[in-house]
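Peer 1: My structure is below; once you've seen it, I'll send some questions.
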Amino acid sequence: MLIKIKMHDAEQDLMRLTEVMGAILEYVVQPSVSAADFKAYFAADPRYSWVVAGGRGTIGDDQEGEKEGKLMTWVKKMFAATEGTTPEQRHSLLARFQNDIQFHLHVDDNDFEFGEPDVISYVNQYASDLVINFYDMLGGKGLAGTSKSNQIYQQQNKPLSLFTIERAYRSANPGFGVCPACLGELSEGANATKIQYDHYFPKSIYPMLSVHPYNLVPVCSSCNNSKGEKNPLEPTGNKLHLNEVFVPYQRGGIDTVQVCFQDTRPQPKTIVTIIGRDNDPISASWALSFNHIYKRVAEDWGLALLTHHKKMVEQLVDDFVKVCKRHGDTTLDLAEVTKQLEDSADLRLRSDRCFADARSYLVGLYINWLRKDTSRMDNLIKNVAEQLNTEAYKQLNNPKSGSATRHLAVILWENAVLLDPQLADAHYNRGQLYLKLGEGNKARLALEAWQRLVGQEEDESRWESVSEQLSALLIKQSSPVG
Ligand SMILES: [Zn+2]
């Protein structure tokens with residue numbers, strides 16, 4: 001997770017729900033108990049009676065014609081599956097559960113291991129189905145039964161569900177609109193509020209963590225889809241320990257790894273890579289694991305930074321247009337532009353790297369990378385020149401365009417050719433506008449500059465028209481006035 005997210009108020013409720021799973025497993029793996037015993041035992045305990053009761057999640061009647069909760073179906077399958085297993089096998093299933101749900105207390109331990117599914121596989125499969133059902137029940141209307149005694153229910157009068165978890169997460173994490181994995185938008189489309197929950201440790205591999213509060217992370221749909229069942233602990237053939245991966249709510253943050261940029265000019269694309277900090281093997285394995293589960297992220301950042309680069313150039317030119325409108329003939333001060341970039345990067349890198357700020361931090365890193373290299377700055381300046389050229393066009397095409405606009409366009413084109421003397425289009429446009437303004441000398445200089453840059457073959461029709469314009473100017477200039 002590139003944003004370090006904060007745990008929320010639904011933690012205890014989810015933990016309690018996880019403990020209910022434990023209570024079910026603990027009962028089922030005992031010797032000589034039946035589904036009927038289970039039902040009687042759970043119905044009598046107010047903490048667990050919802051597991052056997054009807055109501056939300058009910059799928060039908062059992063043989064006695066009595067309404068029964070959906071979970072009982074899975075409990076019965078578990079009983080059937082454990083028949084004929086040894087007490088040791090059943091115990092190891094429970095031991096695995098008890099071990100795995102403690103993972104959040106061992107994130108810095110070198111020796112913590114998740115349990116291996118070493119019990120007879122079909123028993124394990126039924127156990128997985130049972131616990132995964134808990135997660136499915138959080139969708140939709142949620143778990144009214146568990147919630148009557150829990151905080152969320154009391155605060156909001158709502159059952160424990162993905163909806164109430166989202167509410168709790170939002171209030172603990174202001175700036176929620178950002179995906180903690182990729183820093184992209186969390187909800188897509190104007191009205192979309194639906195987010196997806198990533199089981200950071202996939203529930204297909206770690207079923208015991210299917211409703212564990214530290215394993216449920218709201219992410220954007222593209223992160224969730226591209227991550228799929230990838231295991232953060234197995235980025236390569238070798239397994240990593242918990243202390244070698246990002247752990248949601250506990251460890252993460254863009255500043256704990258190193259973000260590198262690579263220039264691919266002349267293609268307008270920036271390649272972003274995430275690696276470990278210098279001489280820090282632990283940070284290197286965090287990066288390795290992150291890159292494995294979120295393969296798409298670095299590529300998306302490249303595109304996002306391209307958009308940002310464009311906006312940054314547009315903003316520089318917009319600001320310059322305002323100065324020109326106020327002060328008339330002005331020259332764009334490159335030292336001032338560099339200073340602005342420096343200030344902007346410094347400000348962004350001071351942000352606390354939480355939510356919206358994490359994106360800003362990324363942009364700060366990018367700006368710093370840009371300004372620390374002459375050729376990259378030259379490229380930026382060329383982009384500013386191109387934007388000045390475009391902006392001048394835009395000004396002239398404005399229906400309200402008058403003499404002030406023509407004057408502004410000339411200033412913009414003059415600046416464009418000052419910044420990038422090779423920008424042929426700006427020379428041409430400048431020449432055409434000076435012709436319209438009746439400034440023969442300036443028009444001639446601009447059009448001659450254009451001809452020097454562009455070969456006749458490259459733009460034949462324009463070349464001929466410019467040649468005609470130039471000879472007309474020469475005739476005009478050599479003929480006596482009056
Ligand atoms: Zn995302």
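The values are calculated or read from the model by the stated rules, or taken from the named source; none is laboratory data. Here the structure is a predicted model, which is why all the values come from computation and not from measurement. Here the Cβ is made from the backbone with ideal geometry for all residues, glycine too, and neighbour counts use every protein chain on show.
Peer 1: Given (1) under 41 Å from the mean Cα position of the chain (by Cα); (2) surrounded by fewer than 22 Cβ atoms within 10 Å (Cβ to Cβ); (3) of a type in the set (Val, Ile, Thr), identify the lone condition not met by Ile3.
Peer 2: The number of the failed condition is (2).
Peer 1: Something else: Given (1) surrounded by 14 or more Cβ atoms within 10 Å (Cβ to Cβ); (2) part of a helix (DSSP H, G or I); (3) in contact (Cβ under 8 Å) with a residue 12 or more places away in the chain, where does Ala284 come up short, assuming only one miss?
Peer 2: For Ala284, the exception is condition (3).
Peer 1: Follow-up question, since we're still on this one. Take the residues in the stretch 291-325 that are basic (Lys, Arg) and within 15 Å of the chain's Cα centre (by Cα); name whichever of them is modelled with the highest pLDDT.
Peer 2: So, considering only residues that are basic (Lys, Arg) and within 15 Å of the chain's Cα centre (by Cα), the one modelled with the highest pLDDT is Lys295.
Peer 1: Got a number for residues in the stretch 173-197 being within 25 Å of Arg16 (Cβ to Cβ) and at pLDDT 85 or above?
Peer 2: 4
Peer 1: So Gln12 ticks every box in (1) in a helix (DSSP H, G or I); (2) among the polar types (S, T, N, Q); (3) modelled with pLDDT under 80 but one. Which box is left unticked?
Peer 2: Unmet for Gln12, out of (1) in a helix (DSSP H, G or I); (2) among the polar types (S, T, N, Q); (3) modelled with pLDDT under 80: (3).
Peer 1: Tell me whether the stretch 233-245 contains one or more residues that are under 26 Å from Ala304 (Cα atoms), touching a residue at least 24 places away in the same chain (Cβ under 8 Å) and within 16 Å of the ligand (Cβ to nearest atom).
Peer 2: no
Peer 1: Can you tell me which residue among Ala23, Ala10, Ala35 is in contact (Cβ under 8 Å) with a residue 24 or more places away in the chain, buried (at least 20 other Cβ atoms within 10 Å of the Cβ) and either among the aliphatic types (A, V, I, L, M) or closer than 29 Å to Ser289 by Cβ (or both)?
Peer 2: Ala10
Peer 1: Among the residues of the stretch 391-424, which ones are closer than 30 Å to Arg348 by Cα and free of Cβ contacts under 8 Å to residues at least 12 places away in the same chain?
Peer 2: Of the residues in the stretch 391-424, the ones closer than 30 Å to Arg348 by Cα are 391, 412, 415-416, 419-420.
The answer is none; no residue qualifies.
Peer 1: Something else about it: With the requirement that a residue be modelled with pLDDT of 50 or more, closer than 26 Å to Lys4 by Cβ and of a type in the set (A, V, I, L, M), what does the stretch 142-171 give you?
Peer 2: Leu160, Leu162, Ile165, Ala168
Peer 1: A further question follows. Within the stretch 198-214, is there a residue that is assigned to a helix (DSSP H, G or I), modelled with pLDDT of 85 or more and farther than 15 Å from Asp136 by Cα?
Peer 2: Within the stretch 198-214 (the criterion being assigned to a helix (DSSP H, G or I), modelled with pLDDT of 85 or more and farther than 15 Å from Asp136 by Cα), the answer is yes, since at least one residue qualifies.
Peer 1: Tell me, which residue of the stretch 270-281 that is surrounded by 14 or more Cβ atoms within 10 Å (Cβ to Cβ) and touching a residue at least 12 places away in the same chain (Cβ under 8 Å) is farthest from the chain's Cα centre (by Cα)? Full working, then the answer.
Peer 2: Of the stretch 270-281, the ones surrounded by 14 or more Cβ atoms within 10 Å (Cβ to Cβ) are 270-277, 280.
With touching a residue at least 12 places away in the same chain (Cβ under 8 Å) added as a condition, the list becomes 270-277.
Numbers: Thr270: 17, Ile271: 16, Val272: 14, Thr273: 14, Ile274: 14, Ile275: 17, Gly276: 19, Arg277: 21 Å.
The residue in question is Arg277.
Peer 1: Within the stretch 26-49, restricting attention to residues that are in a helix (DSSP H, G or I) and either in contact with a His (Cβ under 7 Å, 6 or more places away or on another chain) or hydroxyl-bearing (Ser, Thr, Tyr) (or both), which residue is modelled with the lowest pLDDT?
Peer 2: By that ranking, first place goes to Ser49.
Peer 1: Could you list all residues from the stretch 289-303 that are of a type in the set (A, V, I, L, M) and buried (at least 20 other Cβ atoms within 10 Å of the Cβ)? Don't jump to the end; show me each part of the working.
Peer 2: Step one: of the stretch 289-303, the residues of a type in the set (A, V, I, L, M) are 293, 297-298, 303.
Those that are of a type in the set (A, V, I, L, M) and buried (at least 20 other Cβ atoms within 10 Å of the Cβ): Ile293, Val297.
Peer 1: Assess whether Leu474 counts as being modelled with pLDDT of 90 or more, surrounded by 11 or more Cβ atoms within 10 Å (Cβ to Cβ) and part of a helix (DSSP H, G or I).
Peer 2: no
Peer 1: In the stretch 396-423, what residues are crowded, with 19+ Cβ neighbours inside 10 Å and either assigned to a helix (DSSP H, G or I) or at pLDDT below 95 (or both)?
Peer 2: Step one: filter the stretch 396-423 for residues crowded, with 19+ Cβ neighbours inside 10 Å, giving 408-417, 419-420, 423.
Leu408, Ala409, Val410, Ile411, Leu412, Trp413, Glu414, Asn415, Ala416, Val417, Leu419 - these are the residues of the stretch 396-423 that are crowded, with 19+ Cβ neighbours inside 10 Å and either assigned to a helix (DSSP H, G or I) or at pLDDT below 95 (or both).
Peer 1: Here's something else I'd like to know. Of the residues Asp255, Asp278, which is more than 20 Å from Lys230 (Cβ to Cβ), more than 16 Å from the ligand (Cβ to nearest atom), acidic (Asp, Glu) and in a loop (DSSP other than H, G, I, E, B)?
Peer 2: Residue meeting the stated conditions: Asp278.
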